[in-house]
Every structure is written in structure tokens, then in C-alpha cells.
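The values are calculated or read from the model by the stated rules, or taken from the named source; none is laboratory data. The structure displayed is predicted, hence computed values, not measured ones. Note that we place each Cβ from the backbone using ideal geometry, even for glycine, and neighbour counts take in every protein chain shown. The protein model used for the area step is the full one, side chains on, heavy atoms only, and it has no ligands, DNA or RNA in it. Shrake-Rupley method; radii C 1.70, N 1.55, O 1.52, S 1.80 Å.
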Amino acid sequence: MDAIVQFVRNALCTVKNFNVLGSTFLYDPNVTARYYEFPSPMDQTTPLEILISITQIYALVTVSIAGAKMISSSIKKLHLISRLVSLQVERNDAKKEKNEVVARRIVTESLLQESDAAIRHFFVGVNVFAIGISFVWLSANSYHITSTDWIGGVAALIHALTVAEIALLVLLYYMVKDARDAMRKSNDMKTFAANLSKSKGFSEVDGLTVEEFGWLSADEDDDASPLFWTNGDVSSDVAADGKMLTKAEEAVATKLAKLSKSVDPQVAESLLVKADVCRFEGLREYVYLVLNFFAFYGYAACILVYYFQNEEAQPSFMRTVLLHLPNADADWLGNAVGDFMWTVEPIVILGSPLVAQSITKDTKKKEKVA
């Protein structure tokens, strides 16, 4: 739903930017006045701007709530993992069995990895929340409220855009990181699957990573992952933490014992399919990166034009950044590019599951032919 609304919002903004259907009722504020008489200067609001504002208010609510939930869930998860790590450090019961030793290592490494993931989730949540709040001024701008000093005027709008741009810059960094991780994971999956297909059982458990353990046990239908904290289970209390850790280690050790004896041949085949999907996800992240980079650049031009209004006094590097365009043209082009990029992005989001499903089907067909 969010992707659909994002598409509608930015598509409407693109329609406005290029004055599509400019002679229709969509651009006539008198049509709006027939249904509701806004005070000045809100009486200049057109039906098209009303439609845009509705989608902006939707983004204000949903994006802000999403960011707040990310922050809240991350804090709860960090509290849980902090307790579990403390318990894991304090435990001094010796493990004699090989699988038990490896199981404890995997559990401990998983806790540390999830701690890093929770910290990132919190940081991303803060930036998502900041982007959501910026829609207060964006929606107000659709009603021409920013031409008054009611909520800070144009200066407040520019400040809101600046905050959103800083938050987007952080998300761009994570897009690069996610894309590289996905491509690396795809290659690792293929290598791991090739090695796995050569042996009936996986005997080299000593060097097994948390990620590889997840790959080996992902297709088992007997129970859920023993690493309960990866699923966001934060309902445990201090009294139950020790028992849950012990149960997790026992479950991991049991799975390791099974894997050392035999590994389903379909696991390797499944990994190859997932590797192709993972590669596609990495390429998709790069597409997101390109789209959002141009959106970032475009909206940044609007901010720079505000701070460097005197074209004759602009530094040479600023003229280069603005492509040597007059301020009015740079402002229009930047906004148009940003809106268009964010119109294309939800199309990619909505189309991705179909492409991933197609990759899975094609890979399975090739395996059957082979």
C-alpha cells in the first residue's frame, strides 16, 4: 500500500511539474472553492494540490509511525540481547561435545550480529522518522501555508527539506552497503552450495558461520529457528533468559548432529536458487541507489537555490552543481527530477516480487532439464 501511495503522490507531483492537463479543472482553485472556502492564501489551492496533499498526509502518518516503531522495537531488542549476552558471558559450564561447543559459538555470534543489526535498525528508524515529520511542511506547502509565517514559512520548509536530505544521505549509505552485502552473499551461497553438493554430510562444523548455519537449516520444516532473537521475540524476562539460551544451544547442537550425518541434496539446489534471487536483490539495491541519488541531487538543488539566491554572487563550484542553470530553472529541474525518480522507485518495488518469482521458476526449470 505504501508503495502505491508513493507512486500516486510523486506521479501527481510530476504531472504538476510538467503542467500535464494544464487546461483542466485540476489547476483551477475555483473548483476547490465550490466545495470548501479556504482563507487566504489557502484559497489558491487547486484540486491537484488537494490530491497531492492527501498522499503527503498519508506519508506523514505512515512513515513517522514506521520510524517510531523501528526505534521502539530496536530498543526492546537491544535490551533483550544485552541481557542474553551478559548471561552468555557469565555462564561457565564447560561444553565437551564438539557440536555443543560449536552451538555455543554460533549462538554467541548470532547475538552479537543481531546487536549490530538492532543498532542499525534504530539508526535507520531515526532517519525514517525524520523524513516522515518533514511531510508536515510538504503537505502545508500544497495548501500554500508556507507562503505565510504560520509554521515558519518558506524557511521552515527548506529546513524540513534539509533534514530529510540528511536522513536520505544516511539511507543512501545503507543502500550501498546492502547492495554489496547481497552480491557478496550470492557468491558465498554459490560457493557453499558447490562444496555442499560434493559431500553427503557436512562434517566441517568447526568453521560454520551463523549465516551458513541459517542456510543449512532454512528449509527444515520440523521447527522454527532456534535463534529466537532473530525473529524479534523480545517477550522473555530475566528469569526465562537462561532457559531459553540453553534451549537454543541444544536445538542448534541437535541440528548440527543431523547435518554432520546427512544433508538433503535439495538444500544445495535450493541455495543456488536463493543465490540467484539474492543477486537480483543486490542489483535492485543498486537501482534504488541510482534513483535515490538523483532524487537527493534534485531536491538538494532546490535547497541550494534558496541559500544562494543571488546568481551573480554564486561561487563557481555552486554554478557547476546547479549545472550553470538560472536559479528558477535549477529549482524546477531539481524538483522535477526528484519527483520523477520517486515515481519510478515504487514501480521497481512493486515489480520486484514478480521478477524474483520468475528467477526462481526459471532456475528450477533449468535444474529439472539438467
Within the under-15-Å Cβ sphere about Phe122, not counting Phe122, Lys/Arg +1 and Asp/Glu -1 give a net charge of +2
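Quick one: order Thr320, Thr24, Thr14 from most to least accessible surface, probe 1.4 Å.
Numbers: Thr320 80, Thr24 50, Thr14 25 Å².
Ranked from most to least accessible, the order is Thr320, Thr24, Thr14.
Once the convex hull of the alpha carbons of the stretch 110-217 is built, what does its volume come to per residue, in cubic angstrom?
Values: hull volume 13.1 nm³, N = 108.
Spelled out: Cα convex hull of the stretch 110-217, divided by residues, is 121 Å³.
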Expected output is a single nm value to one decimal: the length gained when fully extending between Ile54 and Met1, i.e. 0.36 nm times separation in residues minus the C-alpha distance. What is it? 17.7 nm
Rounded to the nearest 10, the angle in degrees between the Cα long axis of helix 238-261 and the longest principal axis of the Cα atoms of the chain comes to 70
Taking the convex hull of the Cα atoms, report for the chain its projected area averaged over all directions, in nm². 25.1
Just from its helices, what would the mean residue ellipticity at 222 nm be for the chain, if runs of 4 or more DSSP H residues each count -39500 (n - 2.57) and the sum is divided by every residue, rounded to the nearest 500 deg cm²/dmol? -27000 deg cm²/dmol
Relative contact order in percent for the chain (Cα pairs under 8 Å, 6+ apart) equals 24
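Pull out the extension gain between Val355 and Asp181, defined as 0.36 nm times the separation in residues minus the alpha carbon to alpha carbon distance; nm, one decimal.
Stretched fully, the Val355-Asp181 segment lengthens by 60.6 nm.
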Starting from a Cα-only point model with no solvent, please compute log10 I(q)/I(0) by Debye for the stretch 1-145 at q = 0.09, 0.19 1/Å. -0.50, -1.07
Which of the listed residues, Ile54, Gly67, Tyr35, is farthest toward the dipole's positive end in the stretch 1-76, when Lys, Arg count +1 and Asp, Glu count -1 at the beta-carbon? Gly67
Picking from Val263, Trp342, Cys278, whose Cα lies most toward the positive end of the charge dipole for the stretch 257-370 (charges on Cβ: Lys, Arg +1; Asp, Glu -1)? Val263
Given charges at beta-carbon only (K, R positive; D, E negative), |dipole| of the stretch 65-201 in Debye: 880
Rounding to the nearest 20 debye, state how big the charge dipole of the chain is about its Cα centre with +1 on each Lys and Arg Cβ and -1 on each Asp and Glu Cβ. 1020
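Kindly sort Tyr286, Tyr35 by accessible area of their heavy atoms, largest first, with the probe set to 1.4 Å. Intermediate results must be reported in sequence, preceding the final value.
Working: Tyr286 85, Tyr35 185 Å².
Result of the area sort, largest leading: Tyr35, Tyr286.
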Could you work out how far helix 153-196 tilts from the main Cα principal axis of the chain, as a 0 to 90 degree angle to the nearest 10? 30
Between Ile347 and Ser82, what is the label-to-label distance in nm when each label sits 7 Å out along the Cα-to-Cβ direction? 4.7
